[in-house]
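Structure, as structure tokens:
The values are calculated or read from the model by the stated rules, or taken from the named source; none is laboratory data. A quick note: this is a predicted structure, and the numbers were derived from the prediction, not measured. When we count neighbours, we look across all protein chains shown, and the Cβ atoms used for this are built from the backbone with ideal geometry, even at glycine. Quick note on the areas: whole protein, heavy atoms, side chains included, nothing else; ligands and nucleic acids left out. Shrake-Rupley method; radii C 1.70, N 1.55, O 1.52, S 1.80 Å.
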Amino acid sequence: MRGGDLVQRPAGAERGSATVLMAAVLGVGVLVGSTALAAAGHRAQAIRAQGSADAAATGAAAASVGLLPGGPCTVAGHLATANGAALAACELASATVRVSVVVGTGPFAVGAVAVAGPADEPCEQCVYGVPVGPRSPMSRSTRTRSCPGPTSTIDQGDTCQARRSS
């Protein structure tokens, strides 16, 4: 053979290589797709478990203060079962209830915990449970905006703050 000649392969030596390549690509696609579906199913089951735990804890707290008939843990068990979960634990401390539920069985079981009860301190000036007003835990710079201009030559910042807060 000379240096410029190409090596001749027998006809049909590479037959079927595209089939093997396509089988590998389809196998990887099926693996990725089934993994994504399993993750989505686990997430849906976790959301279902948390909703069931929330409902059970709220019902148990309502039963502990007399809004629902029955014992708090009994009510929590009924509500968990009605939502497709099993009550794993129920702890009652005064009027606060901590509930743990499990959805599913075996290695695919998902658990969730919820706590419900009366608020520790009644909030008189709250917006969506966040205290607002003069006793707000937020800093003054967050609550107030900058003053548009000097209103007094003495204590310009305090005058602006006093005018804004009143």
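What residue, of Leu67, Leu87, is in contact with a Gly (Cβ under 7 Å, 6 or more places away or on another chain), open to solvent by 40 Å² or more (accessible area, probe 1.4 Å) and not in a helix (DSSP H, G or I)? Walk me through how you get there before you give the answer.
On the way: Leu67 fails: in contact with a Gly (Cβ under 7 Å, 6 or more places away or on another chain).
Result: Leu87 is the single residue among Leu67, Leu87 that is in contact with a Gly (Cβ under 7 Å, 6 or more places away or on another chain), open to solvent by 40 Å² or more (accessible area, probe 1.4 Å) and not in a helix (DSSP H, G or I).
Please enumerate the residues belonging to the stretch 70-84 that are in a loop (DSSP other than H, G, I, E, B) and under 23 Å from the mean Cα position of the chain (by Cα). Break it down stepwise before answering.
Quick first cut of the stretch 70-84, residues in a loop (DSSP other than H, G, I, E, B) only: 70-71, 83-84.
Selection gives Asn83, Gly84.
Across the stretch 90-108, what is the total count of residues that are surrounded by 14 or more Cβ atoms within 10 Å (Cβ to Cβ) and closer than 30 Å to Arg43 by Cβ?
Initial filter on the stretch 90-108 (surrounded by 14 or more Cβ atoms within 10 Å (Cβ to Cβ)): 90, 92, 95-104.
With the extra rule that they be closer than 30 Å to Arg43 by Cβ, the set shrinks to 90, 96-104.
Total satisfying the criteria: 10.
Could you tell me whether any residue of the stretch 82-93 is under 20 Å from Ala119 (Cβ atoms), without any contact (Cβ under 8 Å) to a residue 24 or more places away in the chain and touching a Lys or Arg at 6+ places or on another chain (Cβ under 8 Å)?
Yes, the stretch 82-93 has at least one match.
Would you confirm, using the coordinates I've provided, whether Arg15 is assigned to a loop (DSSP other than H, G, I, E, B), of a type in the set (Lys, Arg) and more than 12 Å from Ala114 (Cα to Cα)? Even if it seems obvious, please write down each step before you answer.
On the way: assigned to a loop (DSSP other than H, G, I, E, B): yes; of a type in the set (Lys, Arg): yes; more than 12 Å from Ala114 (Cα to Cα): yes.
Yes, satisfied.
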